[in-house]
Amino acid sequence: FIDYTPDLPEQLARGTIDIVALPATAANWLARGAGSRTLFVDETVVIASARNKSFSGALTREIYEAARHAMFQRGEGSSSSHEAQLLRDVVLAQRDVVLVEQFLTLPAIVEASDCLALVQRRLAERLQASHDIEIHPPPFPSTPLEIRAYWAAPAEQDPAHG
């Protein structure tokens, strides 16, 4: 398992790596020359600290936009995450004060701050057991998060991809 690198498409084409798992919305640059299969589909939720209540009641769009945010960002200046695409689709302003390259750090940051973060529901539910966070539905329309496995076209006949 390796972190995302800018030369990922070349590594996949050369066979240096076998499979890449990415959100479909973040992999349109990869999908053209690769085989793929859906691994799972999940919804995006907002997590907030249960310790540092920055709002009470239902999470509204106004509260969301006024809040501080922690956000996953793959590499400096990258805007190809599912979350970034979702925010562009709903034309939503977000005040990012913390950017992380490892989305698994988001619950710890949220728990210890007044930041909100967008994560997938399954992850949020699992991390509630070890982090004092609350899960809220997003106060805007949200497209499902589809995680797909991608592999180089020459490996399309590999039985492991079926």
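Derivation of every value follows stated rules applied to the coordinates shown; laboratory data play no part. What you see is a predicted model, and the numbers here were worked out from it, not measured in a lab. Positions of Cβ are backbone-derived with ideal geometry, glycine not excepted, and every protein chain shown enters the neighbour counts.
Odds and ends about this structure:
- Take the Cα of Asn52, go 7 Å toward its beta carbon, and the backbone nitrogen atoms of region 106-133 under 16 Å from that spot belong to 106-118, 131-133.
- Taking amide H positions as modeled 1.01 Å from N, with prolines and chain starts lacking one, no residue 5 or more places away or on another chain lies under 5 Å from Phe140.
- Overall shape: oblate for region 45-139, with the ratio a/c of the largest to smallest alpha carbon gyration tensor axis at 1.5 or above and b/c at least equal to a/b.
- For the peptides 7-16, 130-139, the ranking by packing is 130-139, 7-16, with the highest mean count of neighbouring Cβ atoms within 10 Å listed first.
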